[in-house]
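Please read the structure below before turning to the comments.
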C-alpha cells in the first residue's frame, strides 16, 4: 500500500485475491463495465477475459469503433465507444479501453467480435480487442487466381476490401472460414486455417452472411445465392431465391442490400437513398429459402413490417448482426442502425448522426 504526499492512501488493487477479482468480474452487468474493469491491471484483465469467454453472449452488446483522424500522422486511429441506451439517447459516447492496433496505416473491418486489419504492406491480421489475441492470415494479394493476384498491383490497401465475414468466432473454434468481399477488383474470396492463400470467386456480390452452416450472398441484381465452397478448387454459387424487388436502375435512387440473421431467420434488407442525400426507406424481407422457385418469388408475402424487439446493425465494413433488446437490458431498441455510403452511422427513428468513419460490431 502506497501513500501520496498528502498522506492519502492509494490502494494497490492488483493485490486483491484472485478469487475476489473473479467474483467481481462475474457480477458485471454490462459489457462496458467489464471492459472498464479489465483496464485496471493485468490481474483484473485476466479475470475479465475469463468471464467474457465463459459468459459467451450474456454481456455482448454493440460497440462503435470510430476511426479518428490523426492529423499529425495522416492516419486513422481506432477508438472504441460504448453504445448503451443512455449513450444513444444523450448522444454522449463513453470511450472504452480496448486494444488499439499498433500499426499506423491499416484499414479495419469486423465480424463476430474480431477486427480484421489490412495493412499498407497488404498483411492481414485477425485481432481481438479485449483478449489481444492475434491471428495472422495470408497477405490479401495471395490468391489462387494468379491473374487476379497481378491485378492487386497499384490498388491502395484501403480500397482492396469492403467487408470480411467470419463463419464462426476463432474464440470458440479452430474450424472457421474467413470470407472477403473485394471492393474495386470485384468478386469475393475465402480462406481456411492451414491454407497459405485465399481462394477467389469471380462473381460480384453486394453482401455475405453465414447462416445455418452455409454462406449466402446477394448480388447486385438482388439474387440470393448459396456459396458452395466445400471444394476450394471448384467453388460454386447457386441462385436459391430470385431477385429482391428493387427500384429501376435508371432512377436517382442509390440502393444497398444487406443480409443479416435475426431471431433464427435470414433477412435481406434493402436500403434506399437519394444520390448524395440521406436514407429515405428500408424494406426488410424474410429470405424464403423454402417455398420459392429459382425463377420467380412473390416477395410481398415475406416482407417484414415489424422488427419487434430486435435491432439490426447493418455495416459497410462489418458483418451485419442483430440483437434482442430483452437480452440486452442496457441497450436501446433502435430499429435499424447502419453505416452509410457517406461514412457515418445513422439510427433510423432517432435524430442523430455521427459524421466519422464508423464500424459497428459486437464483442
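The values are calculated or read from the model by the stated rules, or taken from the named source; none is laboratory data. What you see is a predicted model, and the numbers here were worked out from it, not measured in a lab. Methodologically, a virtual Cβ is constructed for each residue, glycine included, from the backbone with ideal geometry; neighbour enumeration extends over all protein chains shown.
Go through segment 52-76 residue by residue and tally those that are modelled with pLDDT of 65 or more and either in a helix (DSSP H, G or I) or in contact with a helix residue (DSSP H, G or I) (Cβ under 8 Å, 6 or more places away or on another chain) (or both). Final tally of qualifying residues: 1.
Go over the candidates 83, 168 one by one and state the one that is modelled with pLDDT of 75 or more and under 17 Å from the mean Cα position of the chain (by Cα). Give the derivation first.
On the way: 83 fails: modelled with pLDDT of 75 or more.
Every option except 168 fails the conditions.
One residue is enough: does segment 269-284 have a residue meeting the conditions touching a strand residue (DSSP E or B) at 6+ places or on another chain (Cβ under 8 Å), closer than 25 Å to residue 216 by Cα, in a loop (DSSP other than H, G, I, E, B) and at pLDDT 55 or above? No, segment 269-284 has no match at all. With the condition kept exactly as written, say whether any residue in segment 327-349 is at pLDDT below 80, over 25 Å from residue 79 (Cα atoms), part of a strand (DSSP E or B) and out of contact with any helix residue (DSSP H, G or I) (no Cβ under 6 Å at 6 or more places or on another chain). Checked against the condition, which is being at pLDDT below 80, over 25 Å from residue 79 (Cα atoms), part of a strand (DSSP E or B) and out of contact with any helix residue (DSSP H, G or I) (no Cβ under 6 Å at 6 or more places or on another chain), segment 327-349 yields no hits at all.
Identify the residue in segment 176-186 that is in a loop (DSSP other than H, G, I, E, B) and at pLDDT 95 or above and, among all such residues, is surrounded by the fewest Cβ atoms within 10 Å (Cβ to Cβ).
Filtering segment 176-186 for residues that are in a loop (DSSP other than H, G, I, E, B) and at pLDDT 95 or above, the one surrounded by the fewest Cβ atoms within 10 Å (Cβ to Cβ) comes out as 177.
Taking segment 198-267 as the region of interest, the strands (runs of 3 or more DSSP E) fully inside it that hold 3 or more residues being over 24 Å from the mean Cα position of the chain (by Cα) are 236-241.
From the set of residues in segment 120-142 that are within 19 Å of the chain's Cα centre (by Cα) and in a loop (DSSP other than H, G, I, E, B), which is modelled with the highest pLDDT? Break it down stepwise before answering.
Looking only at segment 120-142, we keep the residues that are within 19 Å of the chain's Cα centre (by Cα), and these are 124-137, 140.
After this cut, where a residue has to be in a loop (DSSP other than H, G, I, E, B) as well, the list is 128-133, 140.
Details: 128: 84, 129: 79, 130: 75, 131: 76, 132: 80, 133: 84, 140: 92.
Result: 140.
Please find, within segment 1-47, the residue that is modelled with the highest pLDDT out of those that are in contact with a strand residue (DSSP E or B) (Cβ under 6 Å, 6 or more places away or on another chain) and closer than 19 Å to residue 113 by Cβ. Only one residue tops the list, namely 35.
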